[in-house]
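Enquirer: One structure is given below, represented as structure tokens, and several questions about it will come after.
The values are calculated or read from the model by the stated rules, or taken from the named source; none is laboratory data. The structure presented is a predicted model; accordingly, all values stated were derived computationally and were not measured. So basically every Cβ, Gly included, is an ideal-geometry build from the backbone, and we count neighbours across all protein chains shown. All accessible areas refer to the heavy atoms of the entire protein, side chains included, with ligands and DNA or RNA removed. Shrake-Rupley method; radii C 1.70, N 1.55, O 1.52, S 1.80 Å.
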There are 2 protein chains.
Amino acid sequence: MGVGNNMVRVDAIEKVTGGAKYTADLEPKGLLVAKVVRSTIANGVVKSFDLEAALAVPGVVKIVTCFDVPDIQFPTPGHPWSVETAHQDIADRKLLNTRVRVYGDDIAAVIAEDEIAASRAARLVKVEYEEYEPMLTVEAAIAEGATVLHEEKPGNVIAHSSFVVGEGTYQEAVEGEDVVEIDHVYATQSVQHCHIETPISFAYMEKGRIVVTTSTQIPHIVRRVISQALGIPAGEIRVIKPYIGGGFGNKQDVLYEPLNAFLCTQVGGRGVRMEISREETLACTRVRHAIKCHVKAAVKKDGTLVARKFEAYSNQGGYASHAHAIVANTSNEFKQIYHDEKTLESDAYTVYTNIATGGAMRGYGIPQAAFAAECMADDLAVAVHMDPLEFRMKNCMPEGYVDPHTHVACNTYGLKECMEKGRNYIHWDEKRKEYENQTGPVRKGIGMAIFCYKTGVYPISLETASCRMVLNQDGSMQLQMGATEIGQGADTVFTQMAAETTGITEDKVHILSTQDTDITPFDTGAYASRQTYVSGMAVKKAGLIFKDRILDYAAYMLDKEKDTMDIQNNVVVDKESREKLLDMAELATTAFYSLDRSIHITAEATSHCKDNTFATGACFAEVEVDMPLGKVKVTNIVNVHDSGVLINPKLAEAQVHGGMSMGLGYALSEELLFDKSGRPLNDNLLDYKLPTSMDTPDLHVQFVELDDPTGPFGNKALGEPPAIPVAPAIRNAVLNATGVAVDSLPLDPQKLVAHFKAAELI
Amino acid sequence: MGVGNNMVRVDAIEKVTGGAKYTADLEPKGLLVAKVVRSTIANGVVKSFDLEAALAVPGVVKIVTCFDVPDIQFPTPGHPWSVETAHQDIADRKLLNTRVRVYGDDIAAVIAEDEIAASRAARLVKVEYEEYEPMLTVEAAIAEGATVLHEEKPGNVIAHSSFVVGEGTYQEAVEGEDVVEIDHVYATQSVQHCHIETPISFAYMEKGRIVVTTSTQIPHIVRRVISQALGIPAGEIRVIKPYIGGGFGNKQDVLYEPLNAFLCTQVGGRGVRMEISREETLACTRVRHAIKCHVKAAVKKDGTLVARKFEAYSNQGGYASHAHAIVANTSNEFKQIYHDEKTLESDAYTVYTNIATGGAMRGYGIPQAAFAAECMADDLAVAVHMDPLEFRMKNCMPEGYVDPHTHVACNTYGLKECMEKGRNYIHWDEKRKEYENQTGPVRKGIGMAIFCYKTGVYPISLETASCRMVLNQDGSMQLQMGATEIGQGADTVFTQMAAETTGITEDKVHILSTQDTDITPFDTGAYASRQTYVSGMAVKKAGLIFKDRILDYAAYMLDKEKDTMDIQNNVVVDKESREKLLDMAELATTAFYSLDRSIHITAEATSHCKDNTFATGACFAEVEVDMPLGKVKVTNIVNVHDSGVLINPKLAEAQVHGGMSMGLGYALSEELLFDKSGRPLNDNLLDYKLPTSMDTPDLHVQFVELDDPTGPFGNKALGEPPAIPVAPAIRNAVLNATGVAVDSLPLDPQKLVAHFKAAELI
């Protein structure tokens, strides 16, 4: 019972039998259907619409255009709101946009009686544009004379942040030193989350309020953003989040809920559903930012890292969304994961362009950082003829590390132990030796990568979470979280935490999976791998109050001192002797129905978390590279994670599997491509190459379990980390196999063949 | 703002536009349909079924019979559970019954893919019975050799209670006194609630738990009864109550939810819907008990009531349901409403028979008591040639009355003021004079009746209620009640109470109308006119805590002492100067998003009510009696109520209108009839004569507003009282018009013609 056991997911049976209710399962009868009319240019202005043909389609109820929406700009990212203006998210879009910034921008919406009518009419809307040259790259967007995408940012640069760790400049640091230098541009691509359930919501009005049921990671934030977008008070909006089919950060943006909410107000409060297709999802929701990292690094002959210069350019796409927070995270991890003897100079830029908008995606800038830092590490190791693992042991984030800017500390430190564990698991030393001096077209290699990842967003932003517990008549309990189950198993670990804290066994902890902002305790939601850490503390806090209230009632019933008692396996026991005193069911029935003292025992608590800690880990990958085919086969791979105490080891392992699979696609096949007009070329799952089970090797997982003093149960982040180190580990394995350093993702056949040809290997 | 104002119902627009969601509106797709197979005898035993033809109907999924259900007897009435065995409700039925006690008893259920298949199959189920003589009257059921309906009650008498107020017997009291005596049997009929929405529910399983959405007054009790009926823990059951289309006590019985819950478990947890038709509702749910009251009373020449003997026989029908609680209430009100100089002897019996089962219905035994007491009052007044109003003034419940058994007191006393107010309103004295000495076939008359009604069920049973409040980011609040809106306007008055207590205006109090036992604070529900009194106290209690927490945050923000501040119209103000200090919206936003002190302000409180008080009132009715046609036309009618402070005068008036309309049907036209086999003769709204708007005169309402010290806002019961005095007032008006005392209800044409013939008036 409790924390540390492999409880079966609370929703396992529902999910495999189809019983679990998702948004589409909950649709009331008679919903209207809305379809977004999308721009067919990437950069320009809508001058006018011709709606005649569209309005003539039978079943069309209303067409709303960008000229009909409130003149309010609002922000979409799923952050806790900031009461300080300077820290508020960038409000740079309207419900529908007249100024078009991406191909497929939301310029109008058709509401119709059914899907077919809505789609037909959407296609028949004629638009006149003023069109500008699309700017697909950072370079194009910051070039002299580039069109301005958002008037608030005349140079298209959303933000530029810089810092120096150590003294002076990189150049000063290396001058006169006996060092080897490298100078690379490590570049990552746009990829998409590809959650199974595409964005879907439905909205209607009730008692003058707008009710939106939506597939989101962040129901309470959706409520706030709808309120901002429509200019109505938050209390007049109700957001309901059922089970969701994945999010991975794409549903940490408030994408179509505000528009859906607005549309229902345009048809007298009637219910309107809005489902975003796979094609729209790939091209018009959010992607992982393509970031170019220009890295210079200097290393002594003995492998000591002396100094680095880091310059990162994040391609934001058309709208700010999470904006600079991503590449700021990139530069932070680049800073944290290695120690420079002298200096690290860092600059990061986030730039508006006309490609698909970058947003939050599992890892939030860290996969890009890890690609840069870990390619660099191997390239430096090659440069000084050192084993890359030794290089990392020598230069990586040290035990006791404290970030000089955020002051987030390694309260527990498992990084080197992770490296050792992976080294042994994959037989690193033997394999590195074995793969020296290969010849022939097919070669084997082994590579690795490390990372660190902080847990939650404190102190950069607010961490706050609430939990409510209710005693049932049978001595079981209801558990209500503002935190959201998004497929990761949050409901299961919260159930275990509640059991651990209260002494009520898991089978008697009934967690309510659906969040409803009318009744659910507040929580900002699922992101930043924060929930077991931050929301878990709320469970613990509420659980202790709840248990105290139960024991207080036991004290009344038994005429004993409260603090001489405890609860264990649904029984009130003597704290010392553990002797059974009172069954919880009897206590609960009495508490409800006592004629002397009837009380409905509940507890509710907010945990305002002012702590953070680093999770770390490593990936070791072994590959077989068929050079003529440009094909990389991953033959063995292991992730080793230092994530604190595991609440549910089996679920933790499954979480790592999912992240590794995402990392494999990032490494080898996934990339959202655009033609020169900014139109997506592969916005479907046939052409966008997501790895399937047939592409995926056995995934191995190891843990280093350390009891973190700041975690509610010794735990730290695990949600995002697994996706981080896989791609650079594979890139480094290919380097080990072939001697070829590929500096951009993905390592797809075209690119590899070009590289091998250039290296005269084929 | 707050208490005492005529706020428009919070659900007014939803209800008139069809936006309000009732159970049938919430049905998910793909529900199976269940139909109950009903016995075609009233008394007997099911020996066997032949299901062949029924199972052959295409679309039939499963047929469950009385031989397939758990061997568990359970109670159905909506009372708080008692932890003392002696006070627990009678468990005398199973999910489906082998022993048949009423015509239309639940003996099997068909589950099919659709309504047509289910109904066809239900008709094709063949049943072999062992049949016994039906016992339709109390006399038949208690006769020597009557068949035993429930083996736990061998004489068919469920309970007999008796008490004496004063000394000795009635006979001793009157012996040697110079008194006039009367001896009447006042009899009331079976009537049905006729709520617009017939019982409907649907059930499915989720995460191993059963979820039942149902049209009920008492969701938390439904949960408990399902748990008892199926023998599973309460925590594994979730009950959801949407808007409901009336209940009037019929939905204070847990009628078909347990069967519906069980049936879904028989089809692998698939959703099953169960809608009870109007015909089934009239005959097979619950009725108001037909009670015969044998009254002897003795009065002095000066009108002083000396002694009474009361013997009541309640026809329970086939199942115990609320059982003896009803007639116990009848005898209590008979006791309370008049004062005997010497002695009141009271005996009450509740007897199983084979007619439709009696349950809770608006007034809960008091309309029957009022019919007996108020007929008696007029009959005594006639006997001593006294004005009936004067008789009542002389003998009615006195100011400061305290019930000798329950110790419930008149904390405020408006009874005589109600009589005075009604006397003036209807011009009693003038009319009584005017209607003396009439001749001819059409005569006019004026009559009256009084009543008292306690508020809630304390101390006979438990009164407990909880409320939760949640602050929204915009400074508005969510209000969650366990108490239920059943059409009476509870949500509106709770909203006013919350506004009154917290200083947040009603438009910013968002009440959640739907109760869901997984998340809604506990409350036993809507019955006994308890909610404004009992649950209202929970609103007040939670509201004070909530306000305190808000002011505590204001104190932190403003660095002021908490108790120097108050909240008024959504603004924190200085308690003394009423100067504006802080807007609630700003406070709320800060409380959510403060980086220093983030707290999600909520409050939850249980009010265990250990108080009660008497509401009283009077009805004055003026009639025109067409004797040859046996037709009574009510030409003027007024109810005057002493219900404490009115939370919402307009809603209070509407509540009285509804009750008066119910009283009119009770007086003049409604009666559920049975043939000699116990089969209902008029189980449809064509033959069962419910008054329509065309039968209803203008209804007048007056109030005597007194501030009750025990009510949360000075209020006392008003839900049920309006239905109580109407029928006897009309009976007494007919007496005044014609000199004919009709001692049974309804005063329908057949009965009146017979009476007028017997009196040789026609």
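Enquirer: Got at least one residue in segment B:102-114 being open to solvent by 60 Å² or more (accessible area, probe 1.4 Å) and outside any strand (DSSP E or B)?
Expert: Yes; the residues of segment B:102-114 include at least one that is open to solvent by 60 Å² or more (accessible area, probe 1.4 Å) and outside any strand (DSSP E or B).
Enquirer: Which of the residues belonging to segment B:327-350 are within 21 Å of the chain's Cα centre (by Cα) and of a type in the set (A, V, I, L, M, F, W, C)?
Expert: Across segment B:327-350, the qualifying residues are B:327, B:328, B:334, B:337, B:348.
Enquirer: Anything in segment B:183-203 that is surrounded by 24 or more Cβ atoms within 10 Å (Cβ to Cβ) and over 23 Å from the mean Cα position of the chain (by Cα)? List them, or say none.
Expert: B:202, B:203, listed by residue number.
Enquirer: Among B:606, B:616, which is out of contact with any Phe, Trp or Tyr (no Cβ under 6 Å at 6 or more places or on another chain), within 9 Å of chain A (Cβ to nearest Cβ), assigned to a strand (DSSP E or B) and open to solvent by less than 30 Å² (accessible area, probe 1.4 Å)?
Expert: Sole residue among the options that is out of contact with any Phe, Trp or Tyr (no Cβ under 6 Å at 6 or more places or on another chain), within 9 Å of chain A (Cβ to nearest Cβ), assigned to a strand (DSSP E or B) and open to solvent by less than 30 Å² (accessible area, probe 1.4 Å): B:606.
Enquirer: Being hydrophobic (A, V, I, L, M, F, W, C) and open to solvent by 40 Å² or more (accessible area, probe 1.4 Å) narrows it down to one of A:718, A:706, so name that one.
Expert: Criteria check complete, one pass: A:706.
Enquirer: Considering segment B:23-35 alone, what residues qualify as being away from every other protein chain (no Cβ under 12 Å) and within 21 Å of residue B:217 (Cβ to Cβ)?
Expert: B:23
Enquirer: For residue B:283, state whether it is modelled with pLDDT under 95, outside any loop (DSSP other than H, G, I, E, B) and under 28 Å from residue B:728 (Cβ atoms). Lay out the reasoning, then the answer.
Expert: Numbers: modelled with pLDDT under 95: yes; outside any loop (DSSP other than H, G, I, E, B): yes; under 28 Å from residue B:728 (Cβ atoms): yes.
The answer is yes for residue B:283.
Enquirer: Identify the single condition in (1) within 14 Å of another protein chain (Cβ to nearest Cβ); (2) surrounded by fewer than 19 Cβ atoms within 10 Å (Cβ to Cβ) that residue B:579 does not satisfy, given that it satisfies every other one.
Expert: (1)
Enquirer: Given the conditions (1) assigned to a loop (DSSP other than H, G, I, E, B); (2) under 30 Å from residue A:424 (Cβ atoms), and given that residue A:448 satisfies all but one, which numbered condition is not satisfied?
Expert: (1)
Enquirer: Sort out which residues of segment B:115-163 are in the same structural domain as residue B:55 (by TED's automatic domain parsing), among the basic types (Lys, Arg) and outside any strand (DSSP E or B), and write them in order of number.
Expert: If the condition is that a residue be in the same structural domain as residue B:55 (by TED's automatic domain parsing), among the basic types (Lys, Arg) and outside any strand (DSSP E or B), then B:120, B:123 are the ones that fit.
Enquirer: Here is a follow-up. Would you be able to say whether some residue in segment B:34-53 is under 22 Å from residue B:279 (Cβ atoms), at pLDDT 95 or above, hydrophobic (A, V, I, L, M, F, W, C) and assigned to a helix (DSSP H, G or I)?
Expert: No.
Enquirer: Restrict the check to segment B:713-735 and report whether at least one residue is aromatic (Phe, Trp, Tyr) and more than 22 Å from residue B:388 (Cα to Cα). Even if it seems obvious, please write down each step before you answer.
Expert: First, the residues of segment B:713-735 that are aromatic (Phe, Trp, Tyr): B:713.
Narrowing the set further to residues that are more than 22 Å from residue B:388 (Cα to Cα) leaves B:713.
Yes: segment B:713-735 contains one or more residues that are aromatic (Phe, Trp, Tyr) and more than 22 Å from residue B:388 (Cα to Cα).
Enquirer: Could you pull out every one of the strands (runs of 3 or more DSSP E) wholly within segment B:192-249 that has 2 or more residues that are away from chain A (no Cβ under 13 Å) and either in contact with a strand residue (DSSP E or B) (Cβ under 7 Å, 6 or more places away or on another chain) or at pLDDT 95 or above (or both)?
Expert: B:200-206, B:209-214
Enquirer: Continuing with this model, one more query. If you check every pair at least six apart or on different chains, which have Cβ atoms under 7 Å apart with a residue in segment B:131-147 that is touching a residue at least 24 places away in the same chain (Cβ under 8 Å) and closer than 20 Å to residue B:41 by Cβ first and a residue that is part of a helix (DSSP H, G or I) and open to solvent by less than 60 Å² (accessible area, probe 1.4 Å) second?
Expert: The qualifying pairs are B:135/B:141.
Enquirer: Going residue by residue through segment B:556-573, is there one that turns out to be of a type in the set (Ser, Thr, Tyr), part of a helix (DSSP H, G or I), within 14 Å of another protein chain (Cβ to nearest Cβ) and surrounded by fewer than 22 Cβ atoms within 10 Å (Cβ to Cβ)?
Expert: Yes, segment B:556-573 contains at least one residue that is of a type in the set (Ser, Thr, Tyr), part of a helix (DSSP H, G or I), within 14 Å of another protein chain (Cβ to nearest Cβ) and surrounded by fewer than 22 Cβ atoms within 10 Å (Cβ to Cβ).
Enquirer: Further question: Can you say whether residue A:41 is open to solvent by 40 Å² or more (accessible area, probe 1.4 Å) and either out of contact with any His (no Cβ under 7 Å at 6 or more places or on another chain) or under 30 Å from residue A:714 (Cβ atoms) (or both), as far as the supplied structure shows? Quick ask: steps written out before the conclusion?
Expert: On the way: open to solvent by 40 Å² or more (accessible area, probe 1.4 Å): no; either out of contact with any His (no Cβ under 7 Å at 6 or more places or on another chain) or under 30 Å from residue A:714 (Cβ atoms) (or both): yes.
Taking the combined requirement at face value, the residue does not satisfy it.
Enquirer: Follow-up question, since we're still on this one. Out of all the residues in segment A:46-80, which are crowded, with 20+ Cβ neighbours inside 10 Å and of a type outside the set (Val, Ile, Thr)?
Expert: A:54, A:66, A:74, A:75, A:77, A:78, A:79, A:80, listed by residue number.
Enquirer: On the basis of being more than 9 Å from chain A (Cβ to nearest Cβ), over 29 Å from residue B:553 (Cβ atoms), out of contact with any Phe, Trp or Tyr (no Cβ under 8 Å at 6 or more places or on another chain) and open to solvent by 40 Å² or more (accessible area, probe 1.4 Å), does residue B:441 make the cut?
Expert: yes
Enquirer: Looking only at segment A:458-472, how many residues end up being of a type in the set (A, V, I, L, M), open to solvent by less than 10 Å² (accessible area, probe 1.4 Å), more than 8 Å from chain B (Cβ to nearest Cβ) and closer than 19 Å to residue B:590 by Cα? Full working, then the answer.
Expert: Going through segment A:458-472, the residues of a type in the set (A, V, I, L, M) turn out to be A:460, A:462, A:465, A:469-471.
From what's left, open to solvent by less than 10 Å² (accessible area, probe 1.4 Å): A:462, A:465, A:469, A:471.
Next, from what is left, pick out any that are more than 8 Å from chain B (Cβ to nearest Cβ): A:465, A:469, A:471.
If we keep only those that are closer than 19 Å to residue B:590 by Cα too, we end up with A:465.
Qualifying residue count for the region: 1.
Enquirer: Only one of these conditions is not met by residue A:358: (1) of a type outside the set (Asp, Glu); (2) open to solvent by 30 Å² or more (accessible area, probe 1.4 Å); (3) within 23 Å of the chain's Cα centre (by Cα). Which number is it?
Expert: Tallying (1) of a type outside the set (Asp, Glu); (2) open to solvent by 30 Å² or more (accessible area, probe 1.4 Å); (3) within 23 Å of the chain's Cα centre (by Cα), residue A:358 fails exactly one: (2).
Enquirer: Here's something else I'd like to know. Counting only residues that are modelled with pLDDT of 95 or more and polar (S, T, N, Q), which one in segment B:6-25 is least open to solvent (accessible area, probe 1.4 Å)?
Expert: B:23
Enquirer: I need a count of the residues in segment A:259-280 that are open to solvent by 10 Å² or more (accessible area, probe 1.4 Å), in a helix (DSSP H, G or I) and either within 14 Å of another protein chain (Cβ to nearest Cβ) or not hydrophobic (A, V, I, L, M, F, W, C) (or both).
Expert: Total satisfying the criteria: 4.
Enquirer: Still on this structure, I have one more. Hey, residue B:519 hits all of (1) assigned to a loop (DSSP other than H, G, I, E, B); (2) within 13 Å of chain A (Cβ to nearest Cβ); (3) more than 42 Å from the chain's Cα centre (by Cα) but one; which does it fall short on?
Expert: Only one criterion in (1) assigned to a loop (DSSP other than H, G, I, E, B); (2) within 13 Å of chain A (Cβ to nearest Cβ); (3) more than 42 Å from the chain's Cα centre (by Cα) is unmet by residue B:519, namely (3).
Enquirer: Residue check: is residue A:186 within 14 Å of another protein chain (Cβ to nearest Cβ), among the aromatic types (Phe, Trp, Tyr), over 20 Å from residue A:465 (Cα atoms) and assigned to a strand (DSSP E or B)?
Expert: Answer is no for this residue.
Enquirer: For segment A:473-516, name all the residues that are more than 10 Å from every other protein chain (Cβ to nearest Cβ) and closer than 27 Å to residue A:210 by Cβ.
Expert: Within segment A:473-516, A:481, A:483, A:484, A:485, A:486, A:487, A:490, A:515 qualify.
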